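Notes for the one structure printed next.
Taken together, the values in this text are just the output of simple stated rules run on the coordinates, not laboratory data. Note that this is a predicted model, so its numbers are computed, not measured. FYI the Cβ positions are ideal-geometry reconstructions off the backbone, even for glycines, and counts take in every protein chain you see.
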Ligand code: AMP
Ligand code: GLY
């Protein structure tokens, strides 16, 4: 089988690494990929939303399956584009159609979906310029801090958590005034929930689902979860507090109603569902949906997946996921992200990365890297994800940290306290 992976981060490198191990794979392509993915397949200089160029390569290279890594092409309708094309409609696309992708593409849609299907989530009100006054009085009825979310995609930056009411009212007006462009023409005001978060992943063919290993990522740039939000500074899997009882609640109250709800709404959802869960007094509540795998969670989770990922994807495409095997390694995994100094603010690109001959016990998944002549250079804020296994997450982290010090590039930074809260 020939497969095309869409995307260019650590998640896509991890997919490429895993897919390459499948006996079912012939040719593997990655658009656009990075220096790491080039080791497992052919990188193509095609953007993730260049649907016409993707179409051409799928036809030219006889691609059987397209695995979509990031959310933007899904929200922009890549799966719908394939279904609407006579020559492409037989190609399997792993990732939902745009109506399904609205679970991530519109926070207002996701909240409405959860309330309608009885899925536990924070109370909310959606506000536009037309009901601003109602929004202000809703805010005044909430307890601090105040949660304001841009409805649309905002590259992970669209959520504000504000301590004071006057500031929250001000920010609400600014968001509606275009702080995040079109994405904040609608703002979701949410009740603040206090608890500890984890990332739950399911793969579904639209009817059946498989639950992948649970993970926890670390979003803040600074030690002790301080400073600005990033795409993710590392991840561990499994998550001690997400024990069997907790996961049973997640499955019964959240995963099953979500898969059934999509079906009832006539959405034929094929792909990953990422449930951002917060545990409030050991009760799981949905913070958000994403319609893809997490990054850097994938770089940890994938190490624990014993089964053939391509076989599972075939199950998604054929609608017989229930008959496919999902085997999970009981060992733990951890990922430490090396980032460029200055990230998530201004940072440099193009710095040469030097690698040691060996990184014992770890796998390096490239995030923002590219090949430049004989060198591999930095090409993004998040540069290399160092993933390792261990008996528990602390042991896995220790291995990643040992190797973190051996990889060098200018102004390298990483968090040294992952797992501090567990
Ligand atoms: P989101 O993009 O919706 O996941 O929000 C980003 C982050 O903001 C989450 O990972 C949470 O840490 C935090 N957050 C979002 N919604 C809430 C909420 N209702 N209560 C508390 N924290 C929240
Ligand atoms: N690590 C969180 C995300 O992928 O959105």
* To the nearest 0.05, how large is the calculated FRET efficiency for residue 306 and residue 133 if R₀ is 56 Å and r is the Cβ-Cβ distance? -> 0.50
* To do: Using packing as a proxy for protection, rank 264-275, 20-31 so that the peptide with the highest average count of other Cβ atoms within 10 Å comes first.
  => 264-275, 20-31
* To do: For residue 330 and residue 196, compute 0.36 nm times the residue count separating them, minus their Cα-Cα distance, and round to one decimal in nm.
  => 46.0 nm
* Rg/Rg_globular for the stretch 370-420, with Rg_globular taken as 2.2 N^0.38 Å and Rg from C-alpha atoms -> 1.32
* **Label zone at residue 229, where the point sits 7 Å out along the Cα-to-Cβ direction: the stretch 78-114 residues whose backbone N lies under 20 Å** => 101-114
* **residue 45/residue 357 FRET efficiency (R0 30 Å; Cβ-Cβ; nearest 0.05)** => 0.50
* Structure fact -> Placing each pseudo-label 7 Å from Cα in the direction of the beta carbon, residue 174 and residue 244 end up separated by a distance in nanometres of 5.0
* Helix-only mean residue ellipticity at 222 nm for the chain, each DSSP H run of n ≥ 4 adding -39500 (n - 2.57), per residue, nearest 500 -> -7500 deg cm²/dmol
* **Stretch gain in nm, segment residue 117-residue 374, where the contour uses 0.36 nm per residue and the Cα spacing is subtracted** => 87.1 nm
* To do: Have a look at 189, 302, 162 and tell me which one the Gaussian network model of the chain (Cα, springs below 10 Å) gives the largest fluctuation.
  => 162
* the stretch 139-178: relative contact order as a whole-number percent, Cα under 8 Å and 6+ apart -> 41
* Where labels lie 7 Å past Cα in the beta-carbon direction, separation of residue 264 and residue 163 in nm -> 4.2
* Asked: What's log10 of I(q)/I(0) for the stretch 39-120 at q = 0.14, 0.19 Å⁻¹, Debye sum over Cα points only, no solvent?
  -> -0.54, -0.83
* Structure fact -> So, for the Cα atoms of the stretch 259-328, Rg and Dmax in Å stand at 14.1, 39
* What does the highest-first list of 327-334, 47-54, 381-388, 212-219 look like by mean Cβ count within 10 Å? -> 381-388, 212-219, 327-334, 47-54
* Asked: Which peptide among 169-180, 230-241 comes first, and what is the full order, when sorted by highest mean count of other Cβ atoms within 10 Å?
  -> 230-241, 169-180
* Expressed as a rounded percentage, what relative contact order does the chain have, with Cα pairs under 8 Å and six or more residues apart? -> 16
* To do: Any chance you could run the full-extension gain for residue 62 through residue 421? It's 0.36 nm times the residue separation minus the Cα-Cα distance, nm to one decimal.
  => 124.5 nm
* Starting from the Cα gyration tensor of the stretch 130-206, take the square roots of the eigenvalues, sort them a ≥ b ≥ c, and report rounded, prolate or oblate (rounded when a/c is under 1.5, otherwise prolate if a/b is larger than b/c, else oblate). => oblate
* What list of whole percents do you get for P(r) of the stretch 315-405, with Cα-Cα distances grouped in 5 Å bins up to the one holding the largest distance? -> 3, 13, 17, 16, 14, 12, 10, 9, 5, 1
* **Isotropically averaged projected area of the stretch 306-364, using the convex hull of Cα atoms (one quarter of hull area), nm²** => 7.5
* To do: Give me Rg over Rh for the chain, both radii from the alpha carbons and Rh done the Kirkwood way, two decimal places.
  => 0.95
* Using every Cα-Cα pair within the stretch 93-236, state what percent have a distance larger than 25 Å. => 34
